[in-house]
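These notes concern the structure reproduced below.
The values are calculated or read from the model by the stated rules, or taken from the named source; none is laboratory data. Bear in mind that the values here come from a model prediction, so they are computed numbers and not experimental data. Neighbour counts are summed over all protein chains in view; Cβ atoms, including those assigned to glycine, are modelled from backbone coordinates with ideal geometry. What goes into the accessible areas is simple: the full protein's heavy atoms, side chains included, and nothing from ligands, DNA or RNA. Shrake-Rupley method; radii C 1.70, N 1.55, O 1.52, S 1.80 Å.
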Amino acid sequence: MYKLSVTMTTLQTESVAEYILVEYRWVVVILALLPMSLLWKIWSTFRNYVVFKLNSAPKMHDRKVKQVQKQIKDWLSGGRKTKLCTARPTWQTMSFRQSLYKKSFTNIKVNLVDVLEVDVDNMTVRCEPLVTMGQLSRTLEPLGLALAVVPELDQLTVGGLVMGTGVETSSHVHGLFQHICLRYELVLADGSVVTCSKDENPDLYYAVPWSYGTLGFLTSVVIKVVPAKKYIRLEYHPYTKLSDLADRFRKESLDDKPHQFIEALLYTKDSGVVMLGDMVDEIGTDGKLNEIGKWYSEWFFVQVQRHLKKHQENVRKTVVEYIPLRDYYHRHTKSLFWELQDIVPFGNNVLFRYLFGWLMPPEVSLLKLTQPQAVADLYERAHVIQDMLVPVQHLDKAILKFHEEFEVYPIWLCPFKVFNNPGQLKIKSGDWQMFVDIGVYGVPKAKGFETVPSTRRIESFVSSHDGFQMLYADTYTTREEFRAMFDHTLYDSLRDQLPYCKDAFPEIYGKINRNVRK
Ligand SMILES: Cc1cc2nc3c(=O)[nH]c(=O)nc-3n(C[C@H](O)[C@H](O)[C@H](O)COP(=O)(O)OP(=O)(O)OC[C@H]3O[C@@H](n4cnc5c(N)ncnc54)[C@H](O)[C@@H]3O)c2cc1C
Ligand SMILES: NC(=O)C1=CN([C@@H]2O[C@H](COP(=O)(O)OP(=O)(O)OC[C@H]3O[C@@H](n4cnc5c(N)ncnc54)[C@H](OP(=O)(O)O)[C@@H]3O)[C@@H](O)[C@H]2O)C=CC1
Ligand SMILES: CC(C)=CCC[C@@H](C)[C@H]1CC[C@H]2C3=C(CC[C@]12C)[C@@]1(C)CC[C@H](O)C[C@@H]1CC3
């Protein structure tokens, strides 16, 4: 366990009050946040079920879009005095930070929360931007369908994933979340409603992903779905040498007929487990059923680590398990990857799991809302939450660099394809290029770690290796460095063309840089 308390003793600057707030945060979590999270889940599940069954949402959609248009027209007639952003409170979002611009910009209410239509003939689902991944998978699952890419934390919204980005272990086949989105409907800064796709307003369609709400307000999205099966047959392949692990990871990701799901967890610089998954309807004879979604089951990353240990003890090498599909999609939700071990250190204890496991995890938004300043400060000084996206050929080198600067484990590795489309993500050549998301969440142990200089060195490494940074996390790049990382050609020309766009929205950098996110 990589606990924050380690840092508390090493950084001698904290007060006793800070120490108590951090060490005993679990008291608040268990007594207040878990019951509140439960009530919220019951209410939203019930509400979503009723709305969808009554099929009232599609009829309401146009009226709700008109309400968005009206707010923009009011802003236009009021003299365009401030810039615009969505009214979604910053504590509800998945970014670790509070967005300061929400206080000074005009907040546009985009309360569009419904799944509108599942089209089984065309294998698409149309939904509104505040639909969450949990809500969507609950709707699709009984129909035998799933999104082609299911970013794994339940609370992630369609709007946030389109305007930012989304990645999952099927992304080496389907690409990022943006690549499975077929059509967007937006309200622009002149109050007009437009739709865009590859064939209709293609410039807008390609510039929307990664634009962070700086081109218009998203009001609906048509997303590709795929047939779903009951289980994931998951192979665990442990490795004790980085180069072997990286070679296998690359080989599997670039295979002509790859497994449907690929992921790796690194537990040290040299050891980790590559996981290869495929959807199946029956449990085979080569492995056992493992219902990792049951309330009493151990955190997934701990289970995976056990496979590595067994391998290191020469007990066994490759293992196969059958995991119910939704349990698989959820595998990192219960422990928020491995972040929850810092907040509820005994969360994986067997007694706790049997008594309270069904309540886990607390809602991220509630954790954010109730986070004391001292905890925020401590996370700032002694915690890393970053996802860096680098071409897969640089994987080994990148891990060594991350080890030198952060030394945070486990590390999440997820391959994904970037297609050679117009827009902010540019690749060197070919129709597509394979990347890897290197996810680092935890307390850095590297000697000399200092948040800003260390992160800046990583950012510069990523940029110089043709990579990108995920922008829900803190970015310390300057505007120039940021514009060198992301291609702004199409984006800039659209902002010049779209009426009032520059009056209404800042540049992307104006919404994601550290000065506007505290
Ligand atoms: C401040 C706030 C505002 C919110 N606003 C809205 C809102 O406007 N509209 C709204 O609908 N919700 C809203 N929510 C709901 C919230 O995001 C729910 O947590 C969300 O619906 C996720 O589902 P869940 O937590 O109920 O998932 P769980 O209870 O964990 O899961 C429900 C079921 O869905 C399945 N499931 C969940 N995720 C997946 C997945 N990725 N793949 C496959 N199966 C999966 C699970 O197996 C389970 O059976 C809000 C929450 C907060 C805290
Ligand atoms: N597995 C994964 O892929 C994971 C992804 N993430 C990241 O989390 C973020 C998503 O979190 P979430 O809480 O859902 O989103 P947020 O509310 O944080 O929104 C992210 C951005 O999208 C903009 N946006 C959202 N909805 C709309 C809309 N309807 N119209 C215009 N702009 C909109 C927001 O604008 P505004 O500021 O105006 O509100 C904001 O700039 C993404 O950035 C994603 O990359 C995080 C964890 C895992
Ligand atoms: C898979 C990808 C691409 C990213 C996963 C990111 C998550 C691990 C983080 C996204 C939001 C983060 C927050 C926290 C932990 C890490 C994330 C879930 C906290 C719960 C940590 C404790 C703080 O007090 C509140 C944080 C809210 C955001």
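Within the stretch 164-175, residues that are more than 10 Å from ligand 2 (Cβ to nearest atom) have Cβ atoms under 7 Å from residues that are of a type outside the set (D, E, K, R) and assigned to a loop (DSSP other than H, G, I, E, B) in these pairs: SER170/ALA148; SER170/VAL149; SER170/GLN260; HIS172/PRO258; VAL173/PRO258; VAL173/GLN260; HIS174/ALA148; HIS174/VAL149, counting only partners at least 6 apart in sequence or on another chain.
When the test is whether a residue is away from ligand 2 (no atom under 13 Å from the Cβ), crowded, with 21+ Cβ neighbours inside 10 Å and either of a type in the set (D, E, K, R) or farther than 24 Å from TRP338 by Cα (or both), THR489 does not pass it. Scanning the stretch 145-166 for residues that are touching a strand residue (DSSP E or B) at 6+ places or on another chain (Cβ under 8 Å), farther than 12 Å from PRO209 by Cβ, open to solvent by 10 Å² or more (accessible area, probe 1.4 Å) and not in a strand (DSSP E or B) yields ASP154, GLN155, LEU156. Within the stretch 470-482, residues that are more than 24 Å from GLY442 (Cα to Cα) sit with their Cβ atoms under 7 Å from residues that are within 16 Å of ligand 2 (Cβ to nearest atom) and open to solvent by 10 Å² or more (accessible area, probe 1.4 Å), at 6+ positions apart or across chains, in these pairs: ARG479/TYR509; PHE482/TYR509. Those helices (runs of 4 or more DSSP H) of the stretch 303-401 in which 1 or more residues are among the aliphatic types (A, V, I, L, M) and under 23 Å from ASP278 (Cα atoms) occupy 325-329.
Flag: GLU185 matches the condition of being in contact with a Ser or Thr (Cβ under 7 Å, 6 or more places away or on another chain), in the same structural domain as LYS64 (by TED's automatic domain parsing) and open to solvent by 10 Å² or more (accessible area, probe 1.4 Å).
Note on the stretch 101-140: residues that are away from ligand 2 (no atom under 16 Å from the Cβ), modelled with pLDDT of 90 or more, open to solvent by 40 Å² or more (accessible area, probe 1.4 Å) and not in a strand (DSSP E or B) total 4.
The set of residues from the stretch 425-443 being in contact with an Asp or Glu (Cβ under 8 Å, 6 or more places away or on another chain) and either in a strand (DSSP E or B) or surrounded by fewer than 21 Cβ atoms within 10 Å (Cβ to Cβ) (or both) comprises LYS426, ILE427, LYS428, ASP437, ILE438, GLY439, VAL440, TYR441, GLY442. Consider the stretch 68-100 and keep the residues that are in a helix (DSSP H, G or I), surrounded by fewer than 17 Cβ atoms within 10 Å (Cβ to Cβ) and not hydrophobic (A, V, I, L, M, F, W, C). The one that is nearest to ligand 2 (Cβ to nearest atom) is GLN92. Taking the stretch 236-264 as the range and being assigned to a loop (DSSP other than H, G, I, E, B) and either closer than 18 Å to GLN303 by Cβ or among the polar types (S, T, N, Q) (or both) as the test, the residues that pass are THR240, GLN260.
For the stretch 161-182, the set of residues classified as of a type in the set (Ser, Thr, Tyr) and either outside the structural domain of LEU147 (by TED's automatic domain parsing) or within 16 Å of ligand 1 (Cβ to nearest atom) (or both) consists of THR169, SER170, SER171, listed by residue number.
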